[in-house]
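What follows is a short report on a single structure.
The values are calculated or read from the model by the stated rules, or taken from the named source; none is laboratory data. None of these values were measured; they are calculated from a predicted model. In this analysis, Cβ positions are derived from the backbone assuming ideal geometry, glycine residues included, and neighbour counts consider all displayed protein chains. When the accessible area is computed, the model is the full protein with side chains, heavy atoms only, and any ligands, DNA or RNA have been set aside. Shrake-Rupley method; radii C 1.70, N 1.55, O 1.52, S 1.80 Å.
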Amino acid sequence: MSGENQLHGCAITGVGSYVPERVLTNADLESIVDTTDEWITTRTGIKQRRMAADNEFTSTMAAAASRKALAQAELDPAELDLIIVATITPDMPFPATACLVQQELGAAKAAAFDLEAACSGFLYALEIAQAFIIAGVHQNILIIGAEKLSSIIDWEDRNTCVLFGDGAGAAVLQRRDGARGVLATRLGSDGTKANILAMPGGGCRQPATVDSVNERIHFLKMEGKEVYKNAVTAMTAAAKEVLERSGLGIEDIKCIIPHQANMRIISAIGDRLGATEEQVFVNLQKYGNTSAASVAVALDEALQQGVVQRGDKILIIAFGAGLTWGATVLEW
Ligand code: UT7
C-alpha cells in the first residue's frame, strides 16, 4: 500500500519504449495457423504485433527503452541506484536480465534484480521503486517491463499464438521532494489459479529433457476464458479501490491505461468503471499483448501523443499470470 506517511516525494522523470521493427500481421498468421483476421480482430482487437529479431533479446530491448527514459530524465546511468526488470522471458534463467541491462547501460553503481509478476510486473516494479524512494533508501531507480514472448509462444497453438508480441517500456523514478507521483496502489495475487496461465516446463519441477521438448511444455499455456473472467473482475475491483483511496472519481482521471491484452476486456472494465471511450488508452491493435511491457509502452505512447499533461491523473491497471494484478493512480 502506498500513499501514507510519505517521507520523500517521488516523481517519474523519464519514460521510454522500444518495439522491434518486424511486424507480424493477422494476415501473416493466417498462413501459420488455422485462423482469420476476422476472428482475431473481433475476439481481441489485435491487428498486428512486433517480433524481435534473432539477435534481439529481452535485455537489449530493455536497454533500448531505458536509454530513452534516461535521456528524458537527463540522468547519467552511472547515477542509478537500482534497476528492476519485470519479465517472464528473461534472457536466461540466471543471471538476472537486470544485470545484463546494467552492463549494457554502464550503470556500475546500481543494484539489479528481476521481478516476475507476468503482465502485472511493471506495476509491481513501480510500487517497489517508489516505496524505496519515499522511504529514503534510494534516489534514482530504473524500472523496465520487457518481453521476448515470441520465444515462448507455441506457433502451432492458434489459441495463444495470435495474442502476443515483443517489446519493452521503461521509466526513471527519482526523489523529488514535493512531487506527488503515485497517489495509491493496489497489488494482488491468487496462487490458487496459477495453472490457468503458465509455462509448465523449464523450471525445477519439469526441467528440460528430450521428452519435455516433445511434449511442448516449454511454451505458454492459457485457459483463455478463465483468464478473461478473472481479469475483468480483479482489474475492475483494484481500479475502484485505488480511486476510492485517492479520493477521486473516474471523471477525475485524464487517462486510463489498462493492460493491452484484449479489447473486449478493456471495454468491459471501462464500462464497469463508468469511463468514457476517450479516457481509455488503447494501442493493442499495433502490438498485441506484450505482458510486462504492455502498460509501460502504452504509458510512453500516451505521453508522446500529449494525452497527459503535468498535474493530470493517470490510472494504470494490469493483470496477468500468477494470477497477479494491480492498479495505480498517478499524478503526472
Ligand atoms: O496477459 C494475460 C492476460 N491474458 C488475457 O487477458 C487473455 C484473456 N482471454 C482472452 O482474451 C480470450 O479468452 C481469447 C481471445 C483468448 C479467446 O476468446 P474467447 O471468446 O474466450 O474464445 P474461446 O476460447 O471461447 O474460443 C472460441 C472458439 C473455439 O472454437 P470452438 O471450440 O468453439 O469450435 C476455439 O477453438 O474459437 C476457436 N479459436 C480460434 N479460431 C480461429 C481459438 N483461437 C482461434 C483462432 N482463430 N486464433
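With R₀ fixed at 35 Å, the C-beta to C-beta distance from ASN159 to GLN309 puts the FRET efficiency at about 0.30.
Taking the centroid of alpha carbons for each part, the range 18-61 and the range 237-253 are 34 Å apart.
Each Lys and Arg adds +1 at its Cβ and each Asp and Glu adds -1 at its Cβ; summed about the Cα centre, the chain shows a dipole of about 480 debye.
Heavy-atom accessible surface of LEU123, to the nearest 10 Å², is about 0 Å², with a 1.4 Å probe and all protein chains retained. Less than 5 angstrom separates the built amide H of ASP312 from those of TRP332, all sequence-distant by 5 or more or on a different chain.
Taken one residue at a time, the phi angles of the range 246-256 give Karplus couplings (6.51, -1.76, 1.60, θ = phi - 60°) of 8, x, 10, x, 4, 5, 7, 8, 6, 9, 9 Hz. Gly and Pro are set to x.
From the square roots a ≥ b ≥ c of the eigenvalues of the alpha-carbon gyration tensor of the range 194-332, which class results: rounded (a/c under 1.5), prolate (a/b over b/c), or oblate? It is prolate, given that a/c is not under 1.5 and a/b is the larger ratio. Using C-alpha pairs below 8 Å separated by at least 6 residues, the relative contact order for the range 183-331 is 36 percent. Calculate the length of the line joining the C-alpha centroid of the range 160-193 to that of the range 295-329, in whole Å. The range 160-193 and the range 295-329 have Cα centres separated by 7 Å. What the pair-distance distribution of the chain shows, using all Cα-Cα distances binned every 20 Å from zero, is 34, 59, 7 percent. A simple count of charges around ASN195, restricted to other residues whose Cβ falls under 10 Å of its Cβ and scoring Lys, Arg +1 and Asp, Glu -1, yields 0. Whole-Hz Karplus values for the range 186-202 come out as 10, 10, x, 7, 9, x, 5, 10, 4, 7, 7, 8, 7, 10, x, x, x Hz, taken residue by residue from phi with 6.51 cos²θ - 1.76 cosθ + 1.60 and θ = phi - 60°; glycine and proline positions read x.
Per-residue Karplus couplings for the range 158-168, computed as 6.51 cos²θ - 1.76 cosθ + 1.60 with θ equal to phi - 60°, are listed in order as 5, 5, 10, 5, 7, 8, 10, x, 10, x, 8 Hz, Gly and Pro entered as x.
Projecting the Cα atoms of PHE57, ALA98, ALA184 onto the dipole axis of the chain, where Lys and Arg carry +1 and Asp and Glu carry -1 at the beta carbon, places ALA184 farthest toward the positive end. Computed on protein heavy atoms with a 1.4 Å probe, the accessible areas place LYS193, LYS254, LYS313, LYS229 in the order LYS229, LYS254, LYS193, LYS313, largest first. With K and R counted +1 and D and E -1, the other residues having a Cβ less than 12 Å from that of ALA293 yield a net charge of -1. A dipole drawn for the chain from +1 and -1 charges on Cβ atoms has a positive end, and of GLY201, VAL295, MET235 the residue lying farthest that way is MET235. Exposure check, 1.4 Å probe, all protein chains in place: VAL19 carries approximately 40 Å² of accessible surface.
Each principal axis of the Cα cloud of the range 4-179 was evaluated for its coordinate range; sorted largest first, these ranges are 55, 33, 26 Å. Annotation: amide H-H contacts under 5 Å for HIS138 (H modelled 1.01 Å from N, sequence separation of 5 or more, or interchain): ILE133. Available extension along the chain between ASP177 and PHE113 is 20.4 nm, counting 0.36 nm per residue and deducting the alpha carbon span. Is the C-alpha gyration tensor of the range 110-184 telling us rounded, prolate or oblate? Criteria: a/c under 1.5 is rounded; beyond that, a/b larger than b/c is prolate, otherwise oblate. The shape class here is prolate. Once the Cβ-Cβ distance of ALA135 and ASN214 is raised to the sixth power relative to R0 = 30 Å, the FRET efficiency obtained is 0.05. Spin-label model, SER151 to ASP76: label points 7 Å out along the Cα-to-beta-carbon direction sit 3.2 nm apart. Under 5 Å between amide hydrogens, built in the peptide plane, is the criterion, and for LYS221 it picks out ALA198, MET199 among residues at least 5 positions away or on other chains. Taking GluC sites (Glu not before Pro) across the range 65-140, the ones in a DSSP loop with at most 11 further Cβ atoms lying within 10 angstrom of their Cβ are GLU74. In percent, rounded to a whole number, the relative contact order of the chain is 25, using alpha-carbon pairs under 8 Å and six or more apart.
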